[in-house]
Amino acid sequence: MSAVVSKIREPLVTGSKTYHQITEDLVGPTEKTPSVEWIIGFIIALSCLGFGVFSIAWTIWFGIGSWDLNRTIGWGWDITNFVWWVGIGHAGTLISAILLLFRQKWRTGVNRAAEAMTIFAVICAALFPGIHVGRAWVVFFFFPYPNTRGPLWVNFNSPLLWDLFAISTYFTVSLLFWYTGLVPDFATVRDRAKGIRKKLYDVLAFGWTGSAKHWQRWESLSLILAGLATPLVLSVHTIVSFDFATSVIPGWHTTIFPPYFVAGAIFSGFAMVLTLMIITRKILNLQDYITIAHIESMNKVILLTGSMVGVAYLTELFVAWYSGYVYEQFAFYNRALGPYWWSYFGMMTCNVITPQFFWSKKIRRNLNWTFALSIVVNIGMWFERFVIIATTLARDYLPSSWSYYVPTWVEVGIYIGTIGIFFTFYLLFTRIAPVVAIAEIKSILKAGGNQYVGENATHHKEHAH
Amino acid sequence: MAEFRSQEVLYGLYNDEEILMDAVKVANEKHLEIMEVFTPFPVHGLDPLLGLTESRLHIAGFIYGMIGTLTAFLFMTWVFTSDWPAVFGGKPYWSIPSFIPITFEVTVLFAAIGMVVSFYIVCGLGPGVNNPILDKRITDDKFCLAFQTNGASEEEIETLNKFFNDTNAEEVSTKII
């Protein structure tokens with residue numbers, strides 16, 4: 001390959017890998033027996049999942065009264081968690097689709113795991129509206145299907161229905177995109193496997209052969225799916241923000257919501273990718289594929305989107321004051337100084353101040369700092385959704401209906417349960433599928449391998465012929 | 001790939017995609033008819049050498065997307081103007097702006113599902129499919145160039161073997177698939 005590579009660009013794959021070594025390194029983790037860390041992590045995740053299932057069963061049995069929501073605060077932890085999980089899901093598509101369109105080759109190191117994370121996060125998110133409606137057994141009423149009630153159709157003008165379409169489409173497209181990318185890698189695993197594993201991967205690999213025509217179609221498909229997923233991912237959080245923005249609640253009824261939600265989603269999504277990748281690369285020994293340069297790139301995205309979120313917060317405050325509308329002004333006064341001041345304080349500290357540390361190159365390239373800050377960002381983005389939802393509802397137009405809300409163990413249990421679902425699926429994924437896209441890493445090796453770039457740029461030309 | 005079955009194949013394995021590409025160029029010069037090339041990853045620049053025309057998946061994707069657009073928009077129009085007209089917030093029955101989000105989502109959904117299903121069908125891939133594999137290392141680090149040798153004369157096979165030798169193939173084998 002005669003790709004033109006800048007001499008100052010950092011290598012994307014270190015350790016002077018050969019194609020065969022890449023296969024060994026990336027398929028290896030699915031072939032070995034699980035490590036002790038994996039087993040402990042899996043047991044913890046499974047226990048959280050079990051507690052979540054118990055809490056959901058409790059909710060369905062006793063009704064959502066067990067959540068202590070009231071007439072004033074009708075949305076609490078449930079919708080907070082829903083928006084939080086959907087937001088986390090956004091990084092995967094951003095990395096795999098938008099960065100593919102921008103030809104950012106560093107995406108190959110992290111796209112597989114980030115996309116998996118997207119799918120698991122959307123599963124967690126989709127759970128909440130399903131159980132929030134109270135009668136989970138008639139949840140199919142959400143969908144427009146011919147029925148004997150008229151047929152009485154759903155309200156296509158409602159943002160909540162748009163949300164249903166957005167989330168279902170997003171989940172389906174992400175799953176198709178992810179799986180199609182996985183098929184050639186499953187074939188790699190299949191061709192090394194024996195016995196029962198061979199049978200499993202025979203099915204998973206869909207009979208992939210690696211024919212040149214198939215690769216051509218595969219690349220064409222990936223590119224178009226990326227082109228479709230790019231506006232899709234932006235539309236999903238835009239529509240989530242419509243759930244709030246189209247209402248007439250002060251503090252929600254703002255036009256800034258769509259871009260602000262999308263930036264926040266990418267911000268929290270990258271934080272979650274970093275949290276997971278820093279652990280994954282260490283446990284699976286993937287330091288040569290997910291290098292410090294990858295982490296620095298992701299930190300730059302966090303810095304950018306975090307600053308956008310910060311500007312949005314300040315714009316909201318300014319516009320509330322400038323509008324001269326007392327209810328809007330009160331909504332923001334109440335967020336900062338009302339009964340939930342602590343969550344506003346948490347949101348501001350975690351989301352506005354923390355990402356600014358990443359102006360420093362040393363911090364961007366420091367694993368401990370990055371790991372700690374990524375967790376802070378995750379917490380901050382949870383606070384943001386809580387501030388928007390519960391704080392705003394607690395003080396509505398009529399002081400007589402003002403209220404305060406504390407979640408019960410059931411709501412906390414469901415939240416812990418979704419974290420359990422997320423990590424259970426993620427841990428299973430690391431056992432079944434190669435965590436880094438093997439074929440894509442091989443295809444960028446000669447443009448990004450450390451033996452081919454920088455000072456060694458001429459070295460390989462002498463060697464290849 | 002239905003015609004792929006029960007064929008005699010003579011194939012060579014190469015160690016690097018650049019060596020493979022050079023070999024394909026030589027084969028083209030000598031007018032040897034390549035049956036198929038298998039690689040562990042997409043090799044750019046190989047398609048024109050093999051005379052592969054651009055994939056038409058994107059055209060199919062556009063058509064699927066348009067079907068989605070029409071399905072969603074016409075369905076919502078029918079529901080709210082004819083089947084069960086209802087007033088929401090004093091807006092007209094046929095309130096086009098509020099149909100846009102769902103129309104967009106369904107367009108993307110139809111295009112994506114349609115293209116992925118088409119991809120698997122035209123490639124002959126899918127759950128339960130077991131296509132014959134020439135060498136297990138093709139999905140690892142070997143680049144394979146295959147010729148069909150059904151009814152080939154000894155002379156022709158000799159030419160092919162010489163070709164593999166001249167183009168630095170690592171291994172040459174035959175297989176009936």
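Only one entry in A:L12, A:L26 is touching a residue at least 40 places away in the same chain (Cβ under 8 Å), within 14 Å of chain B (Cβ to nearest Cβ) and under 30 Å from B:N15 (Cβ atoms), namely A:L26. Step by step: first the residues of segment B:94-112, then only those that are touching a residue at least 40 places away in the same chain (Cβ under 8 Å) and more than 7 Å from chain A (Cβ to nearest Cβ), then the one that is farthest from A:E219 (Cα to Cα). Which residue is that? This residue is B:T107. Just one of the listed residues (A:R385, A:R431) is at pLDDT 90 or above, surrounded by fewer than 23 Cβ atoms within 10 Å (Cβ to Cβ), out of contact with any strand residue (DSSP E or B) (no Cβ under 6 Å at 6 or more places or on another chain) and of a type in the set (D, E, K, R), namely A:R431.
Filter segment B:67-85 down to residues that are hydrophobic (A, V, I, L, M, F, W, C) and in contact (Cβ under 8 Å) with a residue 12 or more places away in the chain, then give me how many there are.
Count: 5.
Per the listing B:K136, B:K91, the residue uniquely within 11 Å of chain A (Cβ to nearest Cβ), under 30 Å from A:N147 (Cα atoms) and modelled with pLDDT under 90 is B:K91.
Quick check on B:F62: is it at pLDDT 90 or above, out of contact with any Asp or Glu (no Cβ under 7 Å at 6 or more places or on another chain) and within 8 Å of another protein chain (Cβ to nearest Cβ)?
On the way: at pLDDT 90 or above: yes; out of contact with any Asp or Glu (no Cβ under 7 Å at 6 or more places or on another chain): yes; within 8 Å of another protein chain (Cβ to nearest Cβ): no.
The answer is no for B:F62.
So is B:W78 surrounded by fewer than 13 Cβ atoms within 10 Å (Cβ to Cβ) and in contact with a helix residue (DSSP H, G or I) (Cβ under 6 Å, 6 or more places away or on another chain) or not? So B:W78 does not fit the description; no.
Residues that are free of Cβ contacts under 8 Å to residues at least 60 places away in the same chain, among the aromatic types (F, W, Y), touching a helix residue (DSSP H, G or I) at 6+ places or on another chain (Cβ under 9 Å) and in the same structural domain as B:E154 (by TED's automatic domain parsing) do not occur anywhere in segment B:46-62.
Taking segment A:77-136, which residues are outside any helix (DSSP H, G or I) and under 25 Å from A:V412 (Cα atoms)?
Filtering segment A:77-136 down to residues outside any helix (DSSP H, G or I) leaves A:102-106, A:133-135.
Hits for segment A:77-136 are A:V133, A:G134, A:R135.
Taking segment B:89-99 as the range and being farther than 10 Å from A:F156 by Cα and of a type in the set (A, V, I, L, M, F, W, C) as the test, the residues that pass are B:W94, B:I96.
Among the residues of segment A:199-241, which ones are part of a helix (DSSP H, G or I) and touching an Asp or Glu at 6+ places or on another chain (Cβ under 9 Å)?
Going through segment A:199-241, the residues part of a helix (DSSP H, G or I) turn out to be A:199-204, A:212-241.
Those that are part of a helix (DSSP H, G or I) and touching an Asp or Glu at 6+ places or on another chain (Cβ under 9 Å): A:Y201, A:A212, A:K213, A:W215, A:Q216, A:S220, A:L232, A:S235, A:V236, A:I239, A:V240.
In the condition set (1) touching a residue at least 60 places away in the same chain (Cβ under 8 Å); (2) farther than 27 Å from A:S247 by Cβ, A:A372 is compliant with all but (1). Selection of segment A:268-300 for residues being without any contact (Cβ under 8 Å) to a residue 60 or more places away in the chain and either among the hydroxyl-bearing types (S, T, Y) or crowded, with 17+ Cβ neighbours inside 10 Å (or both) yields only A:R281.
Mind listing whichever residues of segment B:138-156 are hydrophobic (A, V, I, L, M, F, W, C) and surrounded by fewer than 17 Cβ atoms within 10 Å (Cβ to Cβ)? Please lay out each step first, then the result.
Filtering segment B:138-156 for residues hydrophobic (A, V, I, L, M, F, W, C) gives B:138, B:143-147, B:152.
If the condition is that a residue be hydrophobic (A, V, I, L, M, F, W, C) and surrounded by fewer than 17 Cβ atoms within 10 Å (Cβ to Cβ), then B:A152 is the only one that fits.
Of B:N150, B:N131, all but one fail to be out of contact with any His (no Cβ under 7 Å at 6 or more places or on another chain), under 30 Å from A:E440 (Cα atoms) and not in a helix (DSSP H, G or I); the exception is B:N131. Could you tell me which residue of segment A:222-266 is surrounded by the most Cβ atoms within 10 Å (Cβ to Cβ), considering only residues that are at the interface with another protein chain (Cβ under 10 Å from one of its Cβ atoms) and among the aliphatic types (A, V, I, L, M)? Out of the qualifying residues, it is A:V236. Under the condition of being under 19 Å from B:G51 (Cβ atoms), in contact (Cβ under 8 Å) with a residue 12 or more places away in the chain and not hydrophobic (A, V, I, L, M, F, W, C), the residues counted in segment B:15-30 number 5. Within segment A:162-193, take every residue that is out of contact with any helix residue (DSSP H, G or I) (no Cβ under 7 Å at 6 or more places or on another chain) and aliphatic (A, V, I, L, M) and give me the one that is farthest from the other protein chains (Cβ to nearest Cβ). Going through the qualifying residues, I end up with A:L182. Within segment A:113-170, being among the charged types (D, E, K, R) and at pLDDT 90 or above holds for A:E115, A:D163.
Suppose we filter B:V43, B:V87, B:V117, B:V106 for residues that are in the same structural domain as B:V172 (by TED's automatic domain parsing) and among the aliphatic types (A, V, I, L, M); which single one remains? If you could, list the steps in order and put the result at the bottom.
On the way: B:V87 fails: in the same structural domain as B:V172 (by TED's automatic domain parsing); B:V117 fails: in the same structural domain as B:V172 (by TED's automatic domain parsing); B:V106 fails: in the same structural domain as B:V172 (by TED's automatic domain parsing).
Residue meeting the stated conditions: B:V43.
The listed residues are A:F120, A:F143, A:F156, and the only one of them that is of a type in the set (F, W, Y), under 30 Å from A:T59 (Cα atoms), in contact (Cβ under 8 Å) with a residue 12 or more places away in the chain and away from every other protein chain (no Cβ under 13 Å) turns out to be A:F120.
For segment B:18-33, the criterion of being surrounded by fewer than 19 Cβ atoms within 10 Å (Cβ to Cβ), touching a strand residue (DSSP E or B) at 6+ places or on another chain (Cβ under 6 Å) and away from chain A (no Cβ under 12 Å) is met by none of the residues.
The values are calculated or read from the model by the stated rules, or taken from the named source; none is laboratory data. If you're wondering where the values come from, they're calculated on a predicted model, not measured in any experiment. Glycine gets a Cβ as well: all are built from the backbone with ideal geometry, and neighbour counts include every protein chain shown.
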